[in-house]
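The values are calculated or read from the model by the stated rules, or taken from the named source; none is laboratory data. The structure presented is a predicted model; accordingly, all values stated were derived computationally and were not measured. Here the Cβ is made from the backbone with ideal geometry for all residues, glycine too, and neighbour counts use every protein chain on show. Areas reflect the complete protein model, heavy atoms only, side chains present, ligands, DNA and RNA absent. Shrake-Rupley method; radii C 1.70, N 1.55, O 1.52, S 1.80 Å.
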Amino acid sequence: MQTKSTLTHLECGKCGAIYPADQLMNLCTACNRPLLARYDLARAAQTLTRAALAGRAETLWRYEEVLPVQRREAMIQLGEGWTPLIHAQRLGEAIGCPDTWIKDESVNSTGSFKARGLCMGVSRAYELGAKELAIPSAGNAAGAMSAYAAAVALPAYVYMPRDVPSLFQVECRVLGAQVTLIDGLINDCGARVREGVLAHGWFDMSTLKEPYRVEGKKTMGYEVAEQMGWELPDVIIYPTGGGTGMVGMWKAFDEMEQMGLIGSKRPRMVTVQAEHCAPIVRAFNEGTEHAALWEGARTVADGLRVPVAVGDFLVLRAIRESGGTAVAVSDAAMLADALEIGRHTGIFPAPEGAACLAAQRMLLEQGWIRPDERVVLFNTGTGLKYAHLWA
Ligand SMILES: *Cc1c(COP(=O)(O)O)cnc(C)c1O
């Protein structure tokens, strides 16, 4: 049976080249940059209405018109999306910004928002006939890919830096993936995946190197809008590694406006990175279009240990077009602010999620965020996989 998807084609985010969407694709073959999925939004708007949404499944699949999967049998479902958006009032009052909210992505399957991207990426790869999947990952993405691949019996090859906490590795093994540990960072893992692609015909699931993980992650933008009564907040603070979430949410807002679900108001998009791995922050401050490789990247926030990103220009574009900013915070600040989130909200955040609070404090102090503004922080994953950091 067909889904309500209105997918029409793929378009390069850099050079605008157009590709058909009915075959497995990685980067733009003309310029090696990310491809983005395009939809017939006029048609989508006929059925993706506020009223229709009210009765739909409480997963990210509720937005099926603007998702790429064509056949219901290919929709892999493990409980992804439609996560709580919680008014963190006591936390907000403690830091002098009472209208502070947390989108709690820790309750996704496999404990992070990576489930959204990999749910979509793996479903679509499966639908288009991929036989084996491979991914370089600093942690959560590998677990999520392993889970969705296992659900449809696709072999999964995972490349991780050797120093990633052992829980992340264990998770992948339990989920049936073949895990290889690399002495290096995620970009070194990416190089090993590319070797496997050439040698064995694996499909490369690296973030933004296939077009559909970003489609899964964009549903965070749809959910924030819907959960806030179709009125976007003033500021969104997002812990940025590869940047798929930033790019996805920015795309979602555009699509929603074209479908008449929201108006032209946009949140100011804030990227948070770790002080010793902040390529996007540096590029933002220097006013460049791309972000150079960050040498010697290190942080306890594994999801932020991404020294170079193929979608850098799309992240920087979202920050700049939104009137946003980019800030770096220390590991010590993340660890301390995780405790603040924990005791004021009942959420055990990943250090990446806690980085959002550290950034919010900085921006409040600088007057960049005003005390009466509505701010959404993304807790992108559960702190449980990183529990050793506070033990
Ligand atoms: C991957 C990851 C990030 C970074 O997400 P991107 O969308 O790739 O920038 C942030 N937090 C956690 C917990 C992650 O696993």
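Points to keep in mind about this one:
- So Glu352, is it within 14 Å of the ligand (Cβ to nearest atom), acidic (Asp, Glu) and either open to solvent by less than 20 Å² (accessible area, probe 1.4 Å) or part of a helix (DSSP H, G or I) (or both): yes
For every residue, the table says whether it meets (1) open to solvent by 10 Å² or more (accessible area, probe 1.4 Å); (2) touching a Leu at 6+ places or on another chain (Cβ under 7 Å); (3) more than 10 Å from the ligand (Cβ to nearest atom); (4) more than 26 Å from Val308 (Cα to Cα).
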residue: Ser106; (1), (2), (3), (4): yes, no, no, no
residue: Ser112; (1), (2), (3), (4): no, no, no, no
residue: Arg116; (1), (2), (3), (4): no, yes, no, no
residue: Val122; (1), (2), (3), (4): no, yes, yes, no
residue: Ala125; (1), (2), (3), (4): no, yes, yes, no
residue: Ile135; (1), (2), (3), (4): no, no, yes, no
residue: Asn140; (1), (2), (3), (4): yes, no, no, no
residue: Ser146; (1), (2), (3), (4): no, yes, yes, no
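- None of Ser106, Ser146 is part of a helix (DSSP H, G or I) and within 20 Å of Lys218 (Cβ to Cβ) except Ser106.
- Where strands (runs of 3 or more DSSP E) sit wholly within region 232-346, those with at least 2 residues that are within 19 Å of Gln360 (Cα to Cα), more than 14 Å from the ligand (Cβ to nearest atom) and open to solvent by less than 40 Å² (accessible area, probe 1.4 Å) occupy 325-329.
- Test: Glu93 is open to solvent by 30 Å² or more (accessible area, probe 1.4 Å) and at pLDDT 95 or above: yes
- Test: residue in region 152-160 that is open to solvent by 20 Å² or more (accessible area, probe 1.4 Å), out of contact with any strand residue (DSSP E or B) (no Cβ under 9 Å at 6 or more places or on another chain), free of Cβ contacts under 8 Å to residues at least 24 places away in the same chain and closer than 18 Å to Val69 by Cβ: yes
- Residues of region 154-171 classified as away from the ligand (no atom under 14 Å from the Cβ) and over 15 Å from Phe203 (Cβ atoms), total: 5
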